[in-house]
Amino acid sequence: MSPDAVIVFAHGARDPEWAQPIERLAALIAERLPGTRVRCAYLELMQPDLATAVGVLVGEGARRIRIVPAFLAAGGHVKRDLPLAVEGLRRAHEGVELELRPPIGQSDAALAAIAAVFAE
């Protein structure tokens, strides 16, 4: 198993069905990155939260973890809350590289895929 891991970080919702596309996205990522641990984590209302997901991955041997916000744009949670949480996790897990990526909505490829859906 690779020392790398990816966390798909999403907002969360009260309705458990809300998480199905997020979990499907994580499964698709895992298919593209064989040997890489891929997990979901949620800001609120759902589990696991980010700290729990990072802790589990570190316990499984992950040493490089990419955190990718599954948000279309960078609002307050992505601009302020998430960087603060990641900084705290860096202090808690010294020796583990935590890379916070931009939200998926800032990717030209993601926007092109979404536009293709609208064009269908």
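The values are calculated or read from the model by the stated rules, or taken from the named source; none is laboratory data. Predicted, not measured: the structure shown is a model, and the values here were computed from it. FYI the Cβ positions are ideal-geometry reconstructions off the backbone, even for glycines, and counts take in every protein chain you see.
Could you please find all residues in the stretch 11-20 being under 13 Å from the mean Cα position of the chain (by Cα) and either in a helix (DSSP H, G or I) or farther than 23 Å from Ala85 by Cα (or both)? Walk me through it before giving the result.
First pass over the stretch 11-20, keeping only residues under 13 Å from the mean Cα position of the chain (by Cα): 11-12, 19.
Ala19, the sole residue that qualifies.
Has the stretch 66-81 got any residue that is of a type in the set (Phe, Trp, Tyr) and out of contact with any helix residue (DSSP H, G or I) (no Cβ under 7 Å at 6 or more places or on another chain)?
Step one: of the stretch 66-81, the residues of a type in the set (Phe, Trp, Tyr) are 71.
Applying the additional criterion that residues be out of contact with any helix residue (DSSP H, G or I) (no Cβ under 7 Å at 6 or more places or on another chain) yields none.
The answer is no; no qualifying residue exists.
From the set of residues in the stretch 41-55 that are touching a Lys or Arg at 6+ places or on another chain (Cβ under 9 Å) and part of a loop (DSSP other than H, G, I, E, B), which is nearest to Gly88 (Cα to Cα)?
Pro48
Does at least one position in the stretch 92-113 carry a residue that is in contact with an Asp or Glu (Cβ under 8 Å, 6 or more places away or on another chain) and either under 20 Å from Ala10 (Cβ atoms) or surrounded by 15 or more Cβ atoms within 10 Å (Cβ to Cβ) (or both)?
Filtering the stretch 92-113 down to residues in contact with an Asp or Glu (Cβ under 8 Å, 6 or more places away or on another chain) leaves none.
No, every residue in the stretch 92-113 fails to be in contact with an Asp or Glu (Cβ under 8 Å, 6 or more places away or on another chain) and either under 20 Å from Ala10 (Cβ atoms) or surrounded by 15 or more Cβ atoms within 10 Å (Cβ to Cβ) (or both).
For the stretch 78-91, give me each residue that is surrounded by 11 or more Cβ atoms within 10 Å (Cβ to Cβ) and among the hydrophobic types (A, V, I, L, M, F, W, C).
Our first condition is that a residue be surrounded by 11 or more Cβ atoms within 10 Å (Cβ to Cβ); within the stretch 78-91, this holds for 78-83, 85-90.
Correct list: Val78, Leu82, Ala85, Val86, Leu89.
Listed residues Val38, Val117, Val58; which is in a helix (DSSP H, G or I) and either touching a residue at least 40 places away in the same chain (Cβ under 8 Å) or surrounded by 12 or more Cβ atoms within 10 Å (Cβ to Cβ) (or both)?
Numbers: Val38 fails: in a helix (DSSP H, G or I); Val117 fails: either touching a residue at least 40 places away in the same chain (Cβ under 8 Å) or surrounded by 12 or more Cβ atoms within 10 Å (Cβ to Cβ) (or both).
From the options Val38, Val117, Val58, the qualifying one is Val58.
Restricting to the stretch 61-83, what's the tally of residues that are outside any loop (DSSP other than H, G, I, E, B) and either aliphatic (A, V, I, L, M) or touching a residue at least 60 places away in the same chain (Cβ under 8 Å) (or both)? Before you say what the answer is, go through the steps one by one.
Just the residues of the stretch 61-83 that are outside any loop (DSSP other than H, G, I, E, B), to begin with: 64-69, 76-83.
Applying the additional criterion that residues be either aliphatic (A, V, I, L, M) or touching a residue at least 60 places away in the same chain (Cβ under 8 Å) (or both) yields 64-69, 77-78, 82.
Of the residues in that region, 9 qualify.
The rows are residues; the columns are (1) at pLDDT below 95; (2) small (Gly, Ala, Ser); (3) more than 11 Å from Val6 (Cα to Cα).
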| residue | (1), (2), (3) |
| --- | --- |
| Leu25 | no, no, yes |
| Gln47 | no, no, yes |
| Ala51 | no, yes, yes |
| Phe71 | no, no, yes |
| Glu87 | no, no, yes |
| Glu94 | no, no, yes |
| Glu99 | no, no, no |
| Pro102 | no, no, yes |
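If you scan the stretch 93-114, which residues turn out to be in contact (Cβ under 8 Å) with a residue 24 or more places away in the chain and not β-branched (Val, Ile, Thr)?
Passing the criteria: His93, Gly95, Glu97, Leu98, Glu99, Leu100, Arg101, Pro102, Pro103, Gly105, Gln106.
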